[in-house]
1. I need the full set of residues from the stretch 224-235 which are assigned to a loop (DSSP other than H, G, I, E, B) and surrounded by fewer than 16 Cβ atoms within 10 Å (Cβ to Cβ), in order please.
2. Kindly indicate which of 52, 15 is under 24 Å from the mean Cα position of the chain (by Cα), assigned to a helix (DSSP H, G or I) and over 16 Å from residue 240 (Cα atoms).
3. Determine which single condition residue 171 fails, assuming it passes every other condition in (1) in contact with a helix residue (DSSP H, G or I) (Cβ under 7 Å, 6 or more places away or on another chain); (2) farther than 24 Å from residue 273 by Cβ; (3) part of a strand (DSSP E or B).
4. Run down 230, 187 and say which single residue is within 15 Å of residue 143 (Cα to Cα) and touching a residue at least 24 places away in the same chain (Cβ under 8 Å).
5. Which of (1) farther than 26 Å from residue 344 by Cα; (2) in a helix (DSSP H, G or I); (3) in contact with a strand residue (DSSP E or B) (Cβ under 8 Å, 6 or more places away or on another chain); (4) in contact (Cβ under 8 Å) with a residue 12 or more places away in the chain does residue 143 not meet, given it meets every other one?
6. Of everything in the stretch 260-277, what is closer than 10 Å to residue 245 by Cα and in contact with a strand residue (DSSP E or B) (Cβ under 7 Å, 6 or more places away or on another chain)? Give them in sequence order.
7. Select from the stretch 270-297 the residues that are surrounded by fewer than 23 Cβ atoms within 10 Å (Cβ to Cβ) and either closer than 25 Å to residue 32 by Cβ or in contact (Cβ under 8 Å) with a residue 60 or more places away in the chain (or both) and list them in ascending order.
């Protein structure tokens, strides 16, 4: 396909509700499928990744009725799908071959539920990108619990799961990962005894919130999460908030483009997801919270942000898992900041849809940025802006959208090859971005 060009833009102004949260949507469908009754999920994200999860739960035997929400139809402006999911219970998934597409969350969460289904067999496979993403970080602790798993080269998809009796363990995670944690908590629902997951730093806790609401015997004390086996789950109806990881692109663009001021509505502001807001605040941006509320145990708010002059910062340690998906935008913002910004302790970036340390470094360098990769992060020398140029998304949705924001903020504009990758998490990204640009002339095919 031909590249999409993003020209330097005027200010970003206006308000919108970003699409629904991808992480919460995945988990809502999976936990609803584990229930014994019908669960209503309002505002489920309608994107390629989350569609893969719907098809997976259907393949396992859950009944899923869906209705697209029209403009203004959803509660609190929810976008996407309204789902009615009739679960199959904790112990009744059908044997199946599961195509996870490009959904790494599905690849890493679902085996936890399947591993304890004694006598069942499943194969999980996906696209070319997924087949390069390692599964050993879930396979190894699941095997400690008694799981019977096999993978290509013992670490790559396809992943074969043969259900077996499981027993609880205490697993000290070497790297904070919400996906690995969630996988083990799902396995703990079926394991004998108690399963304890010890995190080195807090990661997003959507799984714990939903499991507790569904009646799972789960406790959390600081960074230790414990779960015991359950007879059944009773998932609660859920309104999915807007995704802060999607809102992050508009937040960052507004901070970088002079004269900007945007309002992003009904955004999930779970404290385990707001690392970007803390980092941008430390760099000099002001993000205002308004209309704070709660939805299904998740905090939501309207966020307001405008242009700011930025100072360099250091990002690492416990705040990395709180901003892991937004770190590419931190690197972009650092190009505009005064001083040298260091991102460390972020080796997890190498295990995303692309090796995001390498792809972000290559992209920003191609646009005139001064970026050096390290084993676990990047060092970015702020130069006050970017020249512009051409980048390749490498099939990674966040790199594609990063390129779009870089184009608006650059001096000469940016061509993004592979912009279609944005549809993995944000099919309407170009339309929403265009709605905020004044004048709306920053995007062309």
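1. Applying the first criterion (assigned to a loop (DSSP other than H, G, I, E, B)) to the stretch 224-235 yields 228-235.
231, 234 - these are the residues of the stretch 224-235 that are assigned to a loop (DSSP other than H, G, I, E, B) and surrounded by fewer than 16 Cβ atoms within 10 Å (Cβ to Cβ).
2. Values: 15 fails: assigned to a helix (DSSP H, G or I).
After ruling out the rest, the residue left standing is 52.
3. (2)
4. Numbers: 230 fails: within 15 Å of residue 143 (Cα to Cα).
It is 187.
5. Unmet for residue 143, out of (1) farther than 26 Å from residue 344 by Cα; (2) in a helix (DSSP H, G or I); (3) in contact with a strand residue (DSSP E or B) (Cβ under 8 Å, 6 or more places away or on another chain); (4) in contact (Cβ under 8 Å) with a residue 12 or more places away in the chain: (4).
6. Narrowing the stretch 260-277 to residues closer than 10 Å to residue 245 by Cα: 267-268, 273-274, 276.
Residues satisfying the conditions are 267, 268.
7. Matches in the stretch 270-297: 270, 271, 272, 293, 294, 295, 296, 297.
Every residue, every condition in (1) at pLDDT 95 or above; (2) over 18 Å from residue 179 (Cβ atoms); (3) buried (at least 21 other Cβ atoms within 10 Å of the Cβ), yes or no:
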position	(1), (2), (3)
12	yes, yes, yes
26	yes, no, yes
29	yes, no, yes
38	yes, yes, no
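The values are calculated or read from the model by the stated rules, or taken from the named source; none is laboratory data. Everything numeric here is computed off the predicted structure, so don't read it as measured data. A quick note on method: Cβ atoms are made from the backbone with ideal geometry, for glycine too, and the neighbour counts reach across all protein chains shown.
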